[in-house]
Amino acid sequence: MHAFLGDVFHWIWQEKTKILALLLVLVLLAPQPSKGQLFIDWVAIISAINSIGTAITNVIGSGLQTINNALGAVNNILNTINSFFQNQIYPQAAINRARGVVGAVQGIYNVIRGLVNLNVASATLVNPRQLETVLLSRNPGNIGQVPGRFTTVYQVIPAPTDAPPPVRDMIDMTDATAQAALKKAIAIDAAADQLMDASDQLAAELGQAAPGTAPMIEAQSAAMLVKAHALTQSAMAELFRIRAIDMANTGAGLKFNANHASDTRRDLTNMFNK
């Protein structure tokens with residue numbers, strides 16, 4: 001027994017450093033005893049809560065009040081702007097009147113469309129009726145039929161043996177100008193139909209447009225009006241060409257008469273000199 005105890009004490013003495021380190025770790029890791037309810041500092045806790053409430057009231061509360069006041073001011077400004085737009089810029093009564101005017105104008109457009117599409121065909125014979133049908137078709141796809149049907153009604157250019165070259169040139173130029181004008185008339189009729197369709201659509205959109213979108217539709221209407229003016233100018237140019245060829249034909253006739261008179265005078269002079 002004494003030998004065993006001696007061995008134990010000898011081992012403890014040899015491992016004393018490790019044993020002390022283990023005891024130190026156990027002491028540090030051991031749970032600390034907590035205070036009972038009788039030892040809680042309720043006065044300090046209540047004081048801390050009061051301090052937090054005071055901070056919330058004085059600092060955060062005043063900031064929230066400032067934000068609330070600012071939001072109220074912004075809301076008043078927005079209400080004023082909204083009232084100005086509703087009563088001055090876009091009053092509902094004026095909008096309703098404008099829509100009524102659009103509806104009335106649409107009715108006028110419908111009357112104009114009916115007048116434009118009136119049947120004015122008047123030819124009674126076969127060949128003129130066929131030419132007239134093409135000319136009043138309002139279909140650009142029929143323009144290619146104009147030369148053949150025009151020649152059927154107004155005949156072909158005389159052969160070189162039947163008319164002098166100046167006369168044949170004048171006839172050819174006159175026919176070319178007439179056919180060009182007839183083709184142009186078909187194209188203008190078709191373009192006018194397209195513009196009428198566009199105007200109907202714009203008028204319908206204006207009748208339902210919100211105040212904010214009306215300016216965009218008005219811009220489209222202005223662009224369409226410019227195109228209509230360009231179409232009118234094109235038709236006017238064609239009328240000028242027709243008038244110019246008519247005047248040229250008149251001048252050519254006078255020139256032919258003058259040449260004929262000169263030839264007659266020369267023939268008479270030669271006859272009396274013989």
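Only the coordinates and a few stated rules stand behind these numbers; no lab work does. Treat the numbers as computed from the prediction; the structure is a model and nothing was measured. Glycine gets a Cβ as well: all are built from the backbone with ideal geometry, and neighbour counts include every protein chain shown.
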**OP:** Return the residue satisfying two criteria in turn: it lies in region 173-207 and is of a type in the set (S, T, N, Q) and touching a residue at least 60 places away in the same chain (Cβ under 8 Å), and of such residues it is farthest from residue 139 (Cα to Cα).
**Re:** 174
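Going by the conditions given, is residue 193 surrounded by 14 or more Cβ atoms within 10 Å (Cβ to Cβ), under 25 Å from the mean Cα position of the chain (by Cα) and charged (D, E, K, R)?
So residue 193 fits the description; yes.
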Original post:
For region 204-220, does any single residue satisfy the condition of being more than 30 Å from residue 92 (Cβ to Cβ) and part of a helix (DSSP H, G or I)?
Top reply: no
